[in-house]
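The values are calculated or read from the model by the stated rules, or taken from the named source; none is laboratory data. Worth saying up front: this structure is predicted, and the values here are computed from it rather than measured. A quick note on method: Cβ atoms are made from the backbone with ideal geometry, for glycine too, and the neighbour counts reach across all protein chains shown. Remember, those area values only see protein heavy atoms, side chains included, never the ligands or the DNA or RNA. Shrake-Rupley method; radii C 1.70, N 1.55, O 1.52, S 1.80 Å.
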Amino acid sequence: MASAAAAATLPLLSEHAAGARPALRSRSAGPVVIGSMNGRPGAARAVALLNDGFDPADAVVQGVRIIEDDPNDDSVGLGGLPNADGVVQLDASVMHGPTHKSGAVACIENIKNPAMVALLVLRRTDHCLLVGEGALRFARSMGFREE
């Protein structure tokens with residue numbers, strides 16, 4: 001899963017260690033979101049939400065949701081590729097810097113937005129990881145429908 005990987009409110013460092021590749025410079029002290037190429041639309045959405053004052057975890061998950069909802073993207077969500085048994089099982093993890101909490105789901109089936117479920121694991125439970133049938137039960141209890 002490679003959409004929006006991180007959100008930060010500090011500019012990227014312009015200094016680099018000897019022998020390391022130079023880091024990218026931020027043009028402002030505003031938010032920075034990092035993701036893979038297929039995650040560019042989601043990263044742009046996350047930055048816009050961060051600029052509007054949204055919580056970093058909410059902003060990044062809403063950015064990831066764009067990719068998860070795309071049936072033509074086979075990396076995550078609705079268009080995710082099946083495993084060796086022909087079953088689409090998805091994973092997602094969310095970390096919230098301000099509270100140092102995390103939430104994740106793994107091997108969840110029939111839910112196109114696992115990042116949203118992971119955010120609810122972070123916010124609504126004392127757990128950090130729900131897997132398989134337990135993750136699916138939790139998602140259903142939170143109002144997610146199987147697709």
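Would the range 38-147 count as rounded, prolate or oblate if I go by the C-alpha gyration tensor, calling it rounded below 1.5 in a/c and otherwise prolate when a/b exceeds b/c, oblate otherwise? Taking the square roots of the gyration eigenvalues as a ≥ b ≥ c, the range 38-147 is oblate. Residue order by solvent-accessible surface for E109, E147, E68 is E147, E109, E68, largest first, with ligands and nucleic acids left out and a 1.4 Å probe. With one equal scatterer per alpha carbon and no solvent term, the Debye-computed log10 I(q)/I(0) for the range 25-70 at 0.16 1/Å reads -0.38. Rounded to the nearest 20 debye, the dipole size of the range 53-116 about its Cα centre is 240 debye, using +1 on the Cβ of Lys and Arg and -1 on the Cβ of Asp and Glu. Overall, the anisotropy analysis places the range 34-102 in the oblate class: the square-rooted eigenvalues a ≥ b ≥ c of its C-alpha gyration tensor yield a/c not less than 1.5, with a/b not exceeding b/c. The residue list V87, S102, G77 was ranked by how far each Cα lies along the charge dipole of the range 74-146 toward its positive end, using unit charges on Cβ atoms, and S102 comes out on top.
Students sometimes get this wrong: rank F144, F54 by accessible area, probe 1.4 Å, all chains present, largest first.
Values: F144 45, F54 105 Å².
The ordering from most to least exposed comes out as F54, F144.
How do D73, D91 rank by accessible surface area computed with a 1.4 Å probe, from largest to smallest?
On the way: D73 20, D91 80 Å².
Order by accessible area, largest first: D91, D73.
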